[in-house]
Amino acid sequence: MPHLTVVFISLSGNTKSFVKRLSEYLKSNQDIDIHQINVKELNHETFPVKEPFLAVLPTYLEGGNGIDDGDVEILTNPLGDFIAAHDNYKNCFGIIGSGNRNFNHQYCLTAKQYSKRFGFPMIGDFELRGTQADIERLSAVILETYKNFLER
Ligand SMILES: Cc1cc2nc3c(=O)[nH]c(=O)nc-3n(C[C@H](O)[C@H](O)[C@H](O)COP(=O)(O)O)c2cc1C
(Lines give C-alpha, C1' and ligand atoms only; values in the text may rest on other atoms or scores of the structure.)
Protein backbone atom coordinates (compact mmCIF):
# COMPACT_ATOMS: atom_id res chain seq x y z
CA MET A 1 0.00 0.00 0.00
CA PRO A 2 2.08 2.96 -1.17
CA HIS A 3 -0.39 5.67 -0.25
CA LEU A 4 -3.68 6.28 1.50
CA THR A 5 -6.12 9.14 0.95
CA VAL A 6 -7.67 10.96 3.92
CA VAL A 7 -10.55 13.39 3.34
CA PHE A 8 -11.26 15.67 6.28
CA ILE A 9 -12.48 19.07 7.40
CA SER A 10 -10.98 21.09 10.21
CA LEU A 11 -12.24 24.47 11.39
CA SER A 12 -10.09 25.23 14.42
CA GLY A 13 -7.12 23.03 13.53
CA ASN A 14 -7.53 20.02 15.82
CA THR A 15 -8.48 17.52 13.12
CA LYS A 16 -5.81 18.94 10.84
CA SER A 17 -3.21 18.34 13.55
CA PHE A 18 -4.45 14.78 14.04
CA VAL A 19 -4.27 14.01 10.30
CA LYS A 20 -0.77 15.51 10.10
CA ARG A 21 0.49 13.42 13.03
CA LEU A 22 -1.29 10.31 11.75
CA SER A 23 0.43 10.86 8.38
CA GLU A 24 3.86 11.18 10.01
CA TYR A 25 3.23 8.04 12.06
CA LEU A 26 2.11 5.94 9.08
CA LYS A 27 5.04 7.19 7.01
CA SER A 28 7.68 6.36 9.59
CA ASN A 29 6.13 3.06 10.76
CA GLN A 30 4.60 1.60 7.61
CA ASP A 31 6.19 3.69 4.82
CA ILE A 32 2.70 4.75 3.71
CA ASP A 33 2.29 8.21 2.15
CA ILE A 34 -0.93 9.97 3.09
CA HIS A 35 -2.68 12.07 0.50
CA GLN A 36 -4.59 14.71 2.46
CA ILE A 37 -7.71 16.43 1.12
CA ASN A 38 -8.81 19.23 3.46
CA VAL A 39 -12.32 20.07 2.29
CA LYS A 40 -12.19 23.44 4.06
CA GLU A 41 -9.56 24.56 1.55
CA LEU A 42 -11.65 23.54 -1.47
CA ASN A 43 -14.20 26.37 -1.23
CA HIS A 44 -17.11 24.02 -1.96
CA GLU A 45 -15.37 22.61 -5.05
CA THR A 46 -15.95 18.86 -5.45
CA PHE A 47 -14.27 16.23 -7.61
CA PRO A 48 -14.37 12.45 -7.87
CA VAL A 49 -12.06 10.55 -5.51
CA LYS A 50 -11.16 7.48 -7.52
CA GLU A 51 -9.35 5.55 -4.79
CA PRO A 52 -10.58 4.24 -1.43
CA PHE A 53 -10.36 6.90 1.26
CA LEU A 54 -10.79 7.49 4.99
CA ALA A 55 -12.95 10.39 6.22
CA VAL A 56 -12.22 12.29 9.46
CA LEU A 57 -14.93 14.60 10.76
CA PRO A 58 -15.18 16.86 13.83
CA THR A 59 -18.54 17.71 15.44
CA TYR A 60 -20.11 21.16 15.64
CA LEU A 61 -23.70 20.71 16.72
CA GLU A 62 -25.83 23.61 17.85
CA GLY A 63 -27.38 23.22 21.30
CA GLY A 64 -29.69 20.33 22.14
CA ASN A 65 -28.76 17.08 23.85
CA GLY A 66 -28.14 14.76 20.92
CA ILE A 67 -31.04 12.49 21.83
CA ASP A 68 -34.30 14.18 20.90
CA ASP A 69 -32.91 17.44 19.54
CA GLY A 70 -29.66 19.24 18.92
CA ASP A 71 -28.44 17.56 15.82
CA VAL A 72 -28.32 20.65 13.64
CA GLU A 73 -25.00 20.82 11.88
CA ILE A 74 -23.90 23.59 9.57
CA LEU A 75 -20.17 24.20 9.79
CA THR A 76 -18.95 20.81 8.60
CA ASN A 77 -21.58 20.25 5.87
CA PRO A 78 -19.04 20.82 3.06
CA LEU A 79 -17.51 17.44 3.98
CA GLY A 80 -20.90 15.73 3.58
CA ASP A 81 -21.42 17.50 0.26
CA PHE A 82 -17.98 16.39 -0.91
CA ILE A 83 -18.65 12.78 0.08
CA ALA A 84 -22.10 12.79 -1.55
CA ALA A 85 -20.84 14.37 -4.81
CA HIS A 86 -19.79 12.10 -7.69
CA ASP A 87 -20.83 9.07 -5.58
CA ASN A 88 -17.59 9.55 -3.61
CA TYR A 89 -19.20 7.79 -0.63
CA LYS A 90 -18.81 4.48 -2.47
CA ASN A 91 -15.03 4.76 -2.09
CA CYS A 92 -15.10 5.76 1.59
CA PHE A 93 -14.04 2.71 3.57
CA GLY A 94 -14.72 4.29 6.97
CA ILE A 95 -15.12 7.44 9.01
CA ILE A 96 -13.43 8.56 12.23
CA GLY A 97 -15.26 11.13 14.37
CA SER A 98 -13.63 13.77 16.51
CA GLY A 99 -15.19 15.84 19.24
CA ASN A 100 -15.21 16.56 22.93
CA ARG A 101 -16.70 14.20 25.53
CA ASN A 102 -18.11 17.20 27.41
CA PHE A 103 -20.88 17.08 24.81
CA ASN A 104 -22.08 13.74 26.23
CA HIS A 105 -24.63 12.16 23.88
CA GLN A 106 -23.59 14.52 21.12
CA TYR A 107 -19.99 13.27 21.28
CA CYS A 108 -18.96 12.61 17.65
CA LEU A 109 -22.62 12.45 16.68
CA THR A 110 -22.13 13.84 13.16
CA ALA A 111 -19.75 11.02 12.19
CA LYS A 112 -22.33 8.52 13.49
CA GLN A 113 -24.97 10.22 11.36
CA TYR A 114 -22.74 10.06 8.27
CA SER A 115 -22.15 6.37 8.84
CA LYS A 116 -25.93 5.78 8.80
CA ARG A 117 -26.58 8.17 5.92
CA PHE A 118 -23.89 6.84 3.58
CA GLY A 119 -23.58 3.23 4.78
CA PHE A 120 -19.85 3.14 5.56
CA PRO A 121 -18.66 2.13 9.04
CA MET A 122 -17.63 4.48 11.82
CA ILE A 123 -14.31 2.93 12.73
CA GLY A 124 -13.28 5.10 15.67
CA ASP A 125 -13.24 8.41 17.49
CA PHE A 126 -10.87 10.70 19.35
CA GLU A 127 -11.08 13.88 21.41
CA LEU A 128 -9.73 17.23 20.23
CA ARG A 129 -6.27 16.75 18.66
CA GLY A 130 -6.02 13.11 19.68
CA THR A 131 -3.17 11.62 21.71
CA GLN A 132 -0.23 9.56 20.47
CA ALA A 133 -2.08 6.52 21.84
CA ASP A 134 -5.12 7.46 19.71
CA ILE A 135 -2.91 7.69 16.63
CA GLU A 136 -1.37 4.27 17.21
CA ARG A 137 -4.71 2.64 18.10
CA LEU A 138 -6.56 4.16 15.13
CA SER A 139 -3.74 3.46 12.65
CA ALA A 140 -4.16 -0.25 13.26
CA VAL A 141 -7.94 -0.02 12.75
CA ILE A 142 -7.53 2.09 9.61
CA LEU A 143 -5.11 -0.36 7.97
CA GLU A 144 -7.25 -3.37 8.88
CA THR A 145 -10.46 -1.77 7.56
CA TYR A 146 -8.73 -0.63 4.39
CA LYS A 147 -7.39 -4.13 3.77
CA ASN A 148 -10.86 -5.65 4.23
CA PHE A 149 -12.38 -3.03 1.91
CA LEU A 150 -9.92 -3.94 -0.86
CA GLU A 151 -10.62 -7.67 -0.41
CA ARG A 152 -14.43 -7.37 -0.26
C1 LIG B 1 -19.50 25.54 18.72
C2 LIG B 1 -18.93 24.17 18.97
C3 LIG B 1 -19.79 23.09 19.03
C4 LIG B 1 -19.29 21.79 19.28
N5 LIG B 1 -20.17 20.73 19.34
C6 LIG B 1 -19.69 19.48 19.61
C7 LIG B 1 -20.59 18.40 19.71
O8 LIG B 1 -21.81 18.52 19.55
N9 LIG B 1 -20.07 17.15 19.96
C10 LIG B 1 -18.73 16.94 20.13
O11 LIG B 1 -18.31 15.79 20.33
N12 LIG B 1 -17.85 17.98 20.04
C13 LIG B 1 -18.30 19.24 19.78
N14 LIG B 1 -17.42 20.28 19.70
C15 LIG B 1 -15.97 20.02 19.87
C16 LIG B 1 -15.24 19.93 18.52
O17 LIG B 1 -15.76 18.88 17.73
C18 LIG B 1 -13.75 19.69 18.78
O19 LIG B 1 -13.21 20.84 19.39
C20 LIG B 1 -12.98 19.34 17.55
O21 LIG B 1 -11.69 18.93 17.92
C22 LIG B 1 -12.86 20.50 16.57
O23 LIG B 1 -12.14 20.08 15.44
P24 LIG B 1 -11.37 21.10 14.49
O25 LIG B 1 -10.43 21.92 15.36
O26 LIG B 1 -10.63 20.26 13.51
O27 LIG B 1 -12.37 21.98 13.80
C28 LIG B 1 -17.89 21.58 19.46
C29 LIG B 1 -17.02 22.68 19.40
C30 LIG B 1 -17.52 23.95 19.15
C31 LIG B 1 -16.55 25.12 19.10
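The values are calculated or read from the model by the stated rules, or taken from the named source; none is laboratory data. These figures come from a predicted structure and were not determined experimentally. Note: ideal-geometry Cβ built from the backbone for every residue, glycine included; neighbour counts use all protein chains shown.
Of all positions in the stretch 27-36, at least one carries a residue that is under 13 Å from the mean Cα position of the chain (by Cα) and surrounded by 12 or more Cβ atoms within 10 Å (Cβ to Cβ).
Return the residue satisfying two criteria in turn: it lies in the stretch 56-78 and is of a type in the set (A, V, I, L, M) and either modelled with pLDDT under 95 or over 19 Å from Asn100 (Cβ atoms) (or both), and of such residues it is nearest to the ligand (Cβ to nearest atom).
Filtering the stretch 56-78 for residues of a type in the set (A, V, I, L, M) gives 56-57, 61, 67, 72, 74-75.
From the residues that got through so far, the ones that are either modelled with pLDDT under 95 or over 19 Å from Asn100 (Cβ atoms) (or both) too are 61, 67, 72, 74-75.
Details: Leu61: 3, Ile67: 12, Val72: 10, Ile74: 10, Leu75: 8 Å.
Selected residue: Leu61.
Each row is one residue, and each column tells you yes or no for (1) under 15 Å from the mean Cα position of the chain (by Cα); (2) closer than 20 Å to Leu143 by Cβ.
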| site | (1), (2) |
| --- | --- |
| Pro48 | no, no |
| Asn88 | yes, no |
| Ile96 | yes, yes |
| Arg101 | no, no |
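Taken over the stretch 79-123, residues that are within 15 Å of the ligand (Cβ to nearest atom), among the aliphatic types (A, V, I, L, M) and touching a residue at least 40 places away in the same chain (Cβ under 8 Å) amount to 5. When the stretch 124-136 is limited to residues that are among the aliphatic types (A, V, I, L, M) and in a helix (DSSP H, G or I), the one that is farthest from the ligand (Cβ to nearest atom) turns out to be Ala133. Of all residues in the stretch 5-17, those that are part of a strand (DSSP E or B) have Cβ atoms under 7 Å from Cβ atoms of residues that are more than 7 Å from the ligand (Cβ to nearest atom) and among the small types (Gly, Ala, Ser), 6 or more apart or on another chain, in Val7/Ala55; Phe8/Ala55.
Within the stretch 1-39, track down each residue that is of a type in the set (S, T, N, Q) and within 13 Å of Arg129 (Cβ to Cβ).
Once the filter is applied, which keeps residues that are of a type in the set (S, T, N, Q) and within 13 Å of Arg129 (Cβ to Cβ), the stretch 1-39 yields Ser10, Ser12, Asn14, Thr15, Ser17.
Among the residues here, Thr46 qualifies as more than 8 Å from the ligand (Cβ to nearest atom) and not hydrophobic (A, V, I, L, M, F, W, C).
All of Val49, Val56 fail the test of being of a type in the set (Val, Ile, Thr) and either farther than 15 Å from Leu11 by Cα or out of contact with any helix residue (DSSP H, G or I) (no Cβ under 7 Å at 6 or more places or on another chain) (or both), apart from Val49.
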